[in-house]
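Everything on this sheet refers to the single structure shown next.
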Amino acid sequence: MVEIHVIPVLNDNYVHLWHDAAAGVTAIVDPGEAGPVQAFLEERGWHLTHILNTHHHGDHIGGNAGLMAWSHATLIGPRAEIDRIPDMAETYGDGDRFTLGSQTVTVFDTPGHTRGHVAFYLEPAGLLFSGDTLFSLGCGRLFEGTPAQMWHSLLKLRALPDDTLVHCGHEYTASNLRFALSIDPDNPSLALMADQVARSRAANRPTVPSRLGLEKAANPFLRADDAALAAAIGLAGADPVAVFAEIRQRKDHFRG
Ligand code: ZN
Ligand code: FE
């Protein structure tokens with residue numbers, strides 16, 4: 001059994017934490033800053049054992065050094081970003097698996113946002129740490145990759161079970177929702193998620209994690225191979241990569 005927490009840091013980043021008391025593992029994903037994480041752990045008397053990074057951006061690794069100096073935690077990250085993230089003790093790439101306490105972690109290379117981005121999938125807990133690849137109702141900007149790369153990265157994550165909980169790197173859901181509704185207004189799954197998002201925000205709770213099954217039905221960036229969505233944006237019959245590229249570009253220019 002693992003206990004999961006989502007800790008807000010910086011403007012809209014989330015640090016994800018799992019605590020596996022029986023195994024003596026307390027691990028975090030993407031500490032954008034150290035202070036709030038350290039305070040959270042001190043309050044509970046938990047000893048930080050592992051830090052995982054999905055990619056090298058400062059809002060995901062900014063807390064590494066401070067937390068490692070404080071705890072001597074082991075830093076784990078993407079092999080393809082070995083020259084961009086200092087002090088990694090272990091690096092992994094696509095298809096690698098490793099064990100942390102009761103959990104088996106599977107690594108997926110998910111290039112697109114950065115060229116070396118990875119996602120981590122935990123079994124049996126059924127947790128996906130998707131960084132800035134897959135957001136709730138959105139996906140990361142293509143800073144270093146092509147639409148084809150990002151689409152294939154997203155397909156790897158879409159293949160995971162519907163009951164997977166998606167723990168992404170940012171609270172972007174409300175603005176992603178406005179964009180999704182602008183191109184896909186009649187999607188009933190989107191309406192369901194709109195309801196959930198409104199309730200979470202009214203209660204000042206994170207919208208993260210979300211259920212992957214619902215993302216598959218509602219997130220336009222996971223539906224570039226859906227004929228109805230392609231038709232809705234004027235690309236009936238087009239290749240999914242072309243549809244994905246068009247949706248991504250529209251989102252880049254969306255003002256909602
Ligand atoms: Zn990023
Ligand atoms: Fe980020």
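The values are calculated or read from the model by the stated rules, or taken from the named source; none is laboratory data. As the structure is a computational prediction, the values presented were derived from the model and not from experiment. Please note: Cβ atoms are built from the backbone with ideal geometry, for glycine as well, and neighbour counts cover all protein chains shown.
What about Glu144, is it over 19 Å from Val208 (Cβ atoms) and either more than 18 Å from the chain's Cα centre (by Cα) or free of Cβ contacts under 8 Å to residues at least 24 places away in the same chain (or both)?
On the way: over 19 Å from Val208 (Cβ atoms): yes; either more than 18 Å from the chain's Cα centre (by Cα) or free of Cβ contacts under 8 Å to residues at least 24 places away in the same chain (or both): no.
So Glu144 fails the test.
Return a yes/no flag: does the stretch 54-73 have any residue that is more than 16 Å from ligand 2 (Cβ to nearest atom), closer than 30 Å to Thr146 by Cβ and of a type in the set (A, V, I, L, M).
So far as the stretch 54-73 goes, no, none of its residues is more than 16 Å from ligand 2 (Cβ to nearest atom), closer than 30 Å to Thr146 by Cβ and of a type in the set (A, V, I, L, M).
State which residue is surrounded by the fewest Cβ atoms within 10 Å (Cβ to Cβ) when the search covers only the stretch 180-208 and only residues that are charged (D, E, K, R) and within 24 Å of Gly234 (Cβ to Cβ). Please lay out each step first, then the result.
Initial filter on the stretch 180-208 (charged (D, E, K, R)): 184, 186, 195, 199, 201, 205.
With within 24 Å of Gly234 (Cβ to Cβ) added as a condition, the list becomes 184, 186.
Numbers: Asp184: 20, Asp186: 9.
Across the stretch 180-208, the extreme among qualifying residues is Asp186.
Just one of the numbered conditions (1) under 14 Å from the mean Cα position of the chain (by Cα); (2) within 16 Å of ligand 2 (Cβ to nearest atom); (3) surrounded by fewer than 18 Cβ atoms within 10 Å (Cβ to Cβ) is not true of Arg84; which one?
Looking at each condition in turn, Arg84 falls short on (1).
Within the stretch 99-142, restricting attention to residues that are within 13 Å of ligand 2 (Cβ to nearest atom) and charged (D, E, K, R), which residue is surrounded by the fewest Cβ atoms within 10 Å (Cβ to Cβ)?
Within the stretch 99-142, the match that is surrounded by the fewest Cβ atoms within 10 Å (Cβ to Cβ) is Arg141.
Answer yes if at least one residue in the stretch 141-153 is within 16 Å of ligand 1 (Cβ to nearest atom), part of a strand (DSSP E or B) and of a type in the set (S, T, N, Q), and no otherwise. Outline the logic, then answer.
Step one: filter the stretch 141-153 for residues within 16 Å of ligand 1 (Cβ to nearest atom), giving 141-145, 149-150, 153.
Filter once more, keeping what is part of a strand (DSSP E or B): none.
Looking through the stretch 141-153, none of the residues is within 16 Å of ligand 1 (Cβ to nearest atom), part of a strand (DSSP E or B) and of a type in the set (S, T, N, Q).
Given (1) modelled with pLDDT under 95; (2) more than 21 Å from the chain's Cα centre (by Cα); (3) part of a helix (DSSP H, G or I), identify the lone condition not met by Arg255.
Only one criterion is unmet by Arg255, namely (3).
For the structure I just gave you, tell me whether His152 is free of Cβ contacts under 8 Å to residues at least 60 places away in the same chain and in contact with a helix residue (DSSP H, G or I) (Cβ under 9 Å, 6 or more places away or on another chain). Steps first, answer last, please.
Numbers: free of Cβ contacts under 8 Å to residues at least 60 places away in the same chain: yes; in contact with a helix residue (DSSP H, G or I) (Cβ under 9 Å, 6 or more places away or on another chain): yes.
Judged against the criteria, His152 is a match.
Inspect the stretch 100-120 for any residue being within 13 Å of the chain's Cα centre (by Cα), closer than 16 Å to Ala159 by Cα and among the small types (Gly, Ala, Ser) and give the result as yes or no.
For the stretch 100-120, residues within 13 Å of the chain's Cα centre (by Cα), closer than 16 Å to Ala159 by Cα and among the small types (Gly, Ala, Ser): present.
Quick one: which of Leu235, Leu214, Leu177, Leu157 is surrounded by 15 or more Cβ atoms within 10 Å (Cβ to Cβ) and assigned to a loop (DSSP other than H, G, I, E, B)? Break it down stepwise before answering.
Values: Leu214 fails: assigned to a loop (DSSP other than H, G, I, E, B); Leu177 fails: assigned to a loop (DSSP other than H, G, I, E, B); Leu157 fails: assigned to a loop (DSSP other than H, G, I, E, B).
So the residue among Leu235, Leu214, Leu177, Leu157 that is surrounded by 15 or more Cβ atoms within 10 Å (Cβ to Cβ) and assigned to a loop (DSSP other than H, G, I, E, B) is Leu235.
On the basis of being assigned to a strand (DSSP E or B) and touching a residue at least 24 places away in the same chain (Cβ under 8 Å), does Val6 make the cut? Step through it out loud before you land on a result.
Values: assigned to a strand (DSSP E or B): yes; touching a residue at least 24 places away in the same chain (Cβ under 8 Å): yes.
Criteria met by Val6.
If you scan the stretch 46-90, which residues turn out to be closer than 19 Å to Glu123 by Cα and hydroxyl-bearing (Ser, Thr, Tyr)?
Thr49, Thr54
If I go through the stretch 180-211 residue by residue, how many of them are in contact (Cβ under 8 Å) with a residue 40 or more places away in the chain, of a type outside the set (D, E, K, R) and outside any helix (DSSP H, G or I)?
Total meeting the criteria: 5.
Residue-by-condition table, conditions (1) within 16 Å of ligand 1 (Cβ to nearest atom); (2) without any contact (Cβ under 8 Å) to a residue 12 or more places away in the chain; (3) among the hydroxyl-bearing types (Ser, Thr, Tyr):
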| site | (1), (2), (3) |
| --- | --- |
| Asp12 | yes, no, no |
| Asp20 | no, no, no |
| Val25 | no, no, no |
| Val29 | yes, no, no |
| Ala34 | no, no, no |
| Gly45 | no, yes, no |
| His50 | no, no, no |
| Asn53 | yes, no, no |
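Inside the stretch 52-73, can you point out the residues that are of a type outside the set (Gly, Ala, Ser), more than 21 Å from Asn11 (Cβ to Cβ) and crowded, with 19+ Cβ neighbours inside 10 Å? Break it down into steps so the answer makes sense when it comes.
If we filter the stretch 52-73 for residues that are of a type outside the set (Gly, Ala, Ser), which is where we start, we get 52-57, 59-61, 64, 67-68, 70, 72.
Those still in the list that are more than 21 Å from Asn11 (Cβ to Cβ) too: 52, 68, 70, 72.
Answer for the stretch 52-73, where residues must be of a type outside the set (Gly, Ala, Ser), more than 21 Å from Asn11 (Cβ to Cβ) and crowded, with 19+ Cβ neighbours inside 10 Å: Leu52, Met68.
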